[in-house]
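Worksheet: one structure, shown below.
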Amino acid sequence: MTAIPAAQTLTPLYGERAIAEAELICFDNPRPGRSYEVSIELPEFTCKCPFSGYPDFAVMRLLYQPGPRVLELKAIKLYINSYRDRSISHEEVANRILDDLVQACDPQWMQLEADFHPRGNVHTVVRVSHGSRLPC
């Protein structure tokens, strides 16, 4: 049996610390002269309803054409997980995430689709975009 290192049992836990310390990290676009698209799906998004406090669950679908920088995947994962305990509406969370991603990487074009799981027989999908999409 392997002992769990003491650092992993501290409060907050190591995952919570990683989320709290997360930054949106980017790297230089390896093909700045080529139009291409990056598709990222984040199927475990959660936040809290600002009215009831109940959890809201969504699949976030990000599609973008990089500009000078490309988003680093682990950084996106940690950033998205930082919404877990925030009270925020579907519309505001989609817009805020898009704004933060655009600020981080300055894409040619970006679209975020926030596909929330139905609650009370209501299914919400919020789509927000930035920039002009080029043919690939």
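Bear in mind that the values in this text are calculations on the coordinates, not laboratory data. Since the structure is predicted, the reported quantities are computational estimates derived from the model, not experimental observations. Backbone-built Cβ (ideal geometry, glycine too); neighbour counts: all protein chains shown.
I'm a student and want to see the number: the projected area of the Cα convex hull of region 32-103, averaged over all directions, in nm².
One quarter of the hull surface, i.e. the mean projection, equals 4.8 nm².
Hey, in the GNM for the chain with a 10 angstrom Cα cutoff, which one of Leu101, Leu63, Leu13 fluctuates hardest?
Most flexible of the set in this elastic network: Leu13.
So which chymotrypsin sites (Phe, Trp or Tyr not before Pro) in region 30-136 are both in a DSSP loop and have at most 14 other Cβ atoms within 10 Å of their Cβ?
Here the sparse-neighbourhood loop sites are Tyr36, Phe51.
Run the numbers for Tyr54 and Arg17: contour at 0.36 nm per residue of separation, minus the present Cα-Cα distance, in nm.
11.0 nm
Just from its helices, what would the mean residue ellipticity at 222 nm be for the chain, if runs of 4 or more DSSP H residues each count -39500 (n - 2.57) and the sum is divided by every residue, rounded to the nearest 500 deg cm²/dmol?
-7000 deg cm²/dmol
Using DSSP to define loop residues, name the trypsin sites (Lys or Arg not before Pro) in region 15-59 whose beta-carbon has at most 14 other beta-carbon atoms within 10 Å.
Passing sites in region 15-59 are Arg34.
Mind checking the dipole of the chain: about its Cα centre, +1 per Lys or Arg Cβ, -1 per Asp or Glu Cβ, Debye to the nearest 20?
Charge dipole of the chain: 160 debye, to the nearest 20.
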